[in-house]
Every structure is written in C-alpha cells, then in structure tokens.
Amino acid sequence: MDSRPVFPVSPHSAAPTRGTAGAPVILAALALLGGVVATRTVALRPDPSIAAVVETPDAGPPSVPTDDELRQRILGTWRLEDYGERIVENRPDGTATMIVRLNFAGALFYGSRLDFELTWTVVDGVLTHSIVSGTPKANVEKLVRDWGSSMSSRILSLDDRMLHLEETNSSRDRYRWYRWPELK
C-alpha cells in the first residue's frame, strides 16, 4: 500500500511528491480538508504551547478528555478560512456535511464550490473525516483520485468556540476551526 499522504502537505512544508501540478493543486486540496490519512494511532496529549485541552473550573491541571467526551463536544457546525472557506456540520450519528468554497487557485482545478457527505470518527484523540459522496460529482471524483477520500488530524484543544487540529503527518500543520451558527 502506498504510504504517502492522500492529501497534500502544507504550503509551509516541503513540496509534495505526487504529481507535477504544483502549488495550485496543493492549495486546492488543502481547501478540502486539512490533514492526511493516519498511518498510526497517536494518543491525545495536552500541548503546553496552547490552551488546555479541556478548560476546568478549578485551578487544577487540565484533564485529557475521553474519545466519547470529544465526540460530544465536536458536534455542530465549524468553520475554517484557509485557501477559501470550509464549513462542516458534524452530526451525532457519525455523519457530516461539508461545504467547501475554494479560492481562485483551487477553483481552477476543482471548481469554486464542492459539497460533501462525510462520515467522522474520533479514535485515540484523532478526528477522521471520510468522503462518502459529493457534488459536483466529476470534481469530487478528481479530488479523490488526486488526494484520497479521508483525512485525520489530532485534536489539540476543543472548547465551545474553537477546535484546534494538528495534521498527523510530518508537517504537523495546525488549523483553528471556529464554531459557526449554522451550515449555509
């Protein structure tokens, strides 16, 4: 099995080894999801450089939430501005809907808007989204051929307003998703 990431690395890290399309393809794929397929499971651990994983009312040390607690807190709608706009709604049944509005560079390869139906899981503090279907179909099929159909990111912190993720690949790029009122 090919062990290379199914999604591109960050524009701040080394150039991808797949294809020769260059930066526009990288930017477009990053606009879909910020991560890669997890090649191993990594346990959630607090990161001292950011806010505590779970805010506690007392002055004690932060607690590391269980996967069940993370699943409950990740429900709802989240938004990320990164090479366009991504809005994802995570539902209690493990399904999600994502709307991706790509910037100019991404739109050249995959169109200006993609709509996805996804599944999602949290295992050992790693959030994984997998594409089930999407429209426009030809653009989604091209993206899946180019980069794969799932991505995984470690949950660094999660509160009522912000979801802070770190890619599980060697780039360790971080993304801050913010709570959004509704899927539009």
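The values are calculated or read from the model by the stated rules, or taken from the named source; none is laboratory data. Nothing here was measured: the structure is a model prediction, and the numbers come from that model. Positions of Cβ are backbone-derived with ideal geometry, glycine not excepted, and every protein chain shown enters the neighbour counts.
Considering segment 135-161 alone, what residues qualify as being part of a strand (DSSP E or B) and surrounded by 14 or more Cβ atoms within 10 Å (Cβ to Cβ)? If you could, list the steps in order and put the result at the bottom.
Looking only at segment 135-161, we keep the residues that are part of a strand (DSSP E or B), and these are 135, 150-158.
Once the filter is applied, which keeps residues that are part of a strand (DSSP E or B) and surrounded by 14 or more Cβ atoms within 10 Å (Cβ to Cβ), segment 135-161 yields S150, M151, S152, S153, R154, I155, L156, S157, L158.
State all residues of segment 51-81 that are β-branched (V, I, T) and at pLDDT 95 or above; if no residue qualifies, say none. It would help to see each step written out before you state the result.
Restricting attention to segment 51-81, the residues satisfying the condition of being β-branched (V, I, T) are 53-54, 56, 64, 66, 74, 77.
Of everything in segment 51-81, those that are β-branched (V, I, T) and at pLDDT 95 or above turn out to be T66, I74, T77.
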message: Cβ contacts < 7 Å: first residue basic (K, R), restricted to segment 139-161; second residue surrounded by fewer than 19 Cβ atoms within 10 Å (Cβ to Cβ) and at pLDDT 95 or above, any location; separation 6+ or different chain. Result?
response: R161/Y178; R161/R179
field: Any hit, segment 98-115, residues being surrounded by 19 or more Cβ atoms within 10 Å (Cβ to Cβ), assigned to a loop (DSSP other than H, G, I, E, B) and among the aromatic types (F, W, Y)
entry: no
query: Between residues in segment 162-184 that are of a type in the set (D, E) and in a loop (DSSP other than H, G, I, E, B) and residues that are modelled with pLDDT of 95 or more and buried (at least 16 other Cβ atoms within 10 Å of the Cβ), which pairs lie under 6 Å by C-beta distance while being six or more apart or on different chains?
result: E182/T77
- prompt: Of the residues V132, V88, which single one is touching a strand residue (DSSP E or B) at 6+ places or on another chain (Cβ under 8 Å), under 17 Å from L165 (Cβ atoms) and either part of a strand (DSSP E or B) or not β-branched (V, I, T) (or both)?
  reply: V88
message: Which of the numbered conditions does H164 fail, given that it passes all the others? Conditions: (1) farther than 17 Å from R71 by Cβ; (2) within 16 Å of the chain's Cα centre (by Cα).
response: (1)
